[in-house]
There are 2 protein chains.
Amino acid sequence: MGRSGVPDPTDDTPAPRRGRPGYDQATVLRRAIELFNRQGYEGTSMTDLAKELGLTKSAIYHHIESREQLLAAALDEALDELTAVVDAAVEPSASGTADSRLRTLVHESVRILVDHLPAVTLLLRVRGNSPVELVALERRRLLDEKLSNLVTAAVAEGAVRTDITPELISRLLFGMVNSLIEWYRPDGPVPQQAIAQAITAMAFEGIAVTQPE
Amino acid sequence: MGRSGVPDPTDDTPAPRRGRPGYDQATVLRRAIELFNRQGYEGTSMTDLAKELGLTKSAIYHHIESREQLLAAALDEALDELTAVVDAAVEPSASGTADSRLRTLVHESVRILVDHLPAVTLLLRVRGNSPVELVALERRRLLDEKLSNLVTAAVAEGAVRTDITPELISRLLFGMVNSLIEWYRPDGPVPQQAIAQAITAMAFEGIAVTQPE
């Protein structure tokens, strides 16, 4: 990043932590999300953000309108991605069975959690303590409703068991997917594709060996 | 609770929010955990705790040694319960197959999550920002290791599939269990026993219908 303050998109070395670095908005957002995840959104002040970015308390407002604006941008990043894959799976013109679309959606969800891990982590820890958070929770609720409807459609096809309600299946299935944020590390031993396959296999076939080996 | 400050265990009406209520330690802990879960541990000051308990800033130290001490007590509550059921499942003298002990452990874990929901919720959101949190994370890691070993034993019995590593099965299985804290409500429509059965059925048999109905 140049000393002029003009972002240089080809330069991804860390900005120096003195003077008045010319952060681009994407970098500010990324660093803010990391800080929110590390010490909690409620536990992060503008002073903390300024320190994290190597800015003075007066310079921070040149880069950040408010904590809430950063939180909203972070939650939108996660929600926009998740909404896109959920809508693709449930839209009336979607091709394939509900069962196959549900399986694809599990894979796509894992991809988004991995690719947007910090933003999704922040989203999944939102409590609803501000208007921004309440809007995010409402968008999550709509996603949950669509997921549950997709499971209901898979049940109607005869592809999914009927002794557990579609709502509960949906919650447990995506609870398993979402647990990724607790233990997935980008440099860990299990590649993303293997995790998506493991989750799909566990959720659809179960872990019990049912046929003699 | 009496005005003398001596706790009356038969009286569970809320203490008055003025003067200097004589909270017992269990009540202080319960209210503190609720506040930590609502606004985050990092976002909760001694002033917040005093306000929540209707105490002055000077009186609060009569009831609370420090925020850390409350956090430690809360995390111990969750960890002691979880450790007890995990140890019962993995101790060398435990009877039954590893497979049956794993199924029992899923049920027992659901029971503890439901019975100690606020404390477990706090535990599962711990980030490791203090010595108290690091100790809790280390205890969680030991539990994860025992869970993974139990799955390994069930694989060795031929009861559990071999194409997913025991570590990953363990993480996903208890990820599904732990997702309870995100959506379980004590007054919700699904009783605890039904949730434990649904999780066990999903995890072991899967949700796919494999036989013609």
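The values are calculated or read from the model by the stated rules, or taken from the named source; none is laboratory data. Since the structure is predicted, the reported quantities are computational estimates derived from the model, not experimental observations. Neighbour counts run over all protein chains shown; Cβ positions are idealised from the backbone, glycine included. Calculation scope for accessible area: heavy atoms of the full protein, side chains included, ligands and nucleic acids excluded. Shrake-Rupley method; radii C 1.70, N 1.55, O 1.52, S 1.80 Å.
Count of segment A:179-188 residues, restricted to those that are open to solvent by 30 Å² or more (accessible area, probe 1.4 Å) and either at the interface with chain B (Cβ under 9 Å from one of its Cβ atoms) or under 11 Å from residue A:113 (Cβ atoms) (or both), is 2. For the condition under 18 Å from the mean Cα position of the chain (by Cα), closer than 25 Å to residue B:117 by Cβ and either at pLDDT 95 or above or within 14 Å of chain A (Cβ to nearest Cβ) (or both), residue B:67 does not qualify. Within segment A:21-38, is there a residue that is modelled with pLDDT under 90, closer than 22 Å to residue B:122 by Cβ, crowded, with 17+ Cβ neighbours inside 10 Å and within 14 Å of chain B (Cβ to nearest Cβ)? The answer is no; no qualifying residue exists.
Regarding residue A:161, is this residue within 21 Å of the chain's Cα centre (by Cα) and either open to solvent by 20 Å² or more (accessible area, probe 1.4 Å) or not hydroxyl-bearing (Ser, Thr, Tyr) (or both)?
Numbers: within 21 Å of the chain's Cα centre (by Cα): no; either open to solvent by 20 Å² or more (accessible area, probe 1.4 Å) or not hydroxyl-bearing (Ser, Thr, Tyr) (or both): yes.
Answer is no for this residue.
Being modelled with pLDDT of 95 or more, over 16 Å from the mean Cα position of the chain (by Cα) and among the aromatic types (Phe, Trp, Tyr) is true of residue B:204. Criterion first (among the β-branched types (Val, Ile, Thr), touching a helix residue (DSSP H, G or I) at 6+ places or on another chain (Cβ under 9 Å) and modelled with pLDDT of 95 or more) does residue A:126 satisfy it? In short, no.
Pairs meeting the criteria (first residue in segment A:127-139 and within 19 Å of residue A:37 (Cβ to Cβ), second residue open to solvent by less than 20 Å² (accessible area, probe 1.4 Å) and in a helix (DSSP H, G or I), beta carbons under 6 Å, at least 6 apart or on different chains) are A:132/A:71; A:136/A:75.
Only one of A:61, A:41 is open to solvent by 10 Å² or more (accessible area, probe 1.4 Å), of a type in the set (Phe, Trp, Tyr) and in contact (Cβ under 8 Å) with a residue 40 or more places away in the chain; which? Only one candidate passes the filter, namely A:41. Of all residues in segment A:103-113, none are in contact with a His (Cβ under 9 Å, 6 or more places away or on another chain), more than 14 Å from chain B (Cβ to nearest Cβ), modelled with pLDDT of 95 or more and open to solvent by 20 Å² or more (accessible area, probe 1.4 Å). Residues in segment A:46-58 that are part of a loop (DSSP other than H, G, I, E, B) and either assigned by TED's automatic domain parsing to the domain that holds residue A:169 or aliphatic (A, V, I, L, M) (or both): A:55 alone.
Considering only residues that are touching a residue at least 40 places away in the same chain (Cβ under 8 Å) and crowded, with 19+ Cβ neighbours inside 10 Å, which ones fall in segment B:78-89? Break it down into steps so the answer makes sense when it comes.
First pass over segment B:78-89, keeping only residues touching a residue at least 40 places away in the same chain (Cβ under 8 Å): B:78-79, B:82-83, B:86-87, B:89.
Passing the criteria: B:78, B:79, B:82, B:86, B:89.
When you go through A:174, A:204 one by one, which is the residue that is within 7 Å of chain B (Cβ to nearest Cβ) and within 22 Å of residue A:97 (Cβ to Cβ)?
Numbers: A:174 fails: within 7 Å of chain B (Cβ to nearest Cβ).
Criteria check complete, one pass: A:204.
At least 3 residues being within 26 Å of residue B:200 (Cα to Cα) is the threshold, and among the helices (runs of 4 or more DSSP H) wholly inside segment A:59-162 those reaching it are A:98-115, A:131-156.
Among the listed residues A:136, A:196, A:153, A:119, identify the single one that is hydrophobic (A, V, I, L, M, F, W, C) and either touching a strand residue (DSSP E or B) at 6+ places or on another chain (Cβ under 6 Å) or open to solvent by 20 Å² or more (accessible area, probe 1.4 Å) (or both). Just one listed residue meets the conditions, A:153.
Being within 13 Å of chain B (Cβ to nearest Cβ), free of Cβ contacts under 8 Å to residues at least 24 places away in the same chain and among the charged types (D, E, K, R) is the requirement here; does residue A:163 meet it? Spelling it out, residue A:163 is indeed within 13 Å of chain B (Cβ to nearest Cβ), free of Cβ contacts under 8 Å to residues at least 24 places away in the same chain and among the charged types (D, E, K, R).
Which residue is farthest from the other protein chains (Cβ to nearest Cβ), if the candidates are limited to segment B:124-146 and must be closer than 15 Å to residue A:182 by Cβ and acidic (Asp, Glu)? Spell out the reasoning first.
To start, the set of residues in segment B:124-146 that are closer than 15 Å to residue A:182 by Cβ comprises B:124-128, B:133, B:136-137, B:140-141, B:143-144.
So of that shortlist, the ones also acidic (Asp, Glu) come out as B:133, B:144.
Numbers: B:133: 11, B:144: 8 Å.
Filtering first and then ranking leaves B:133.
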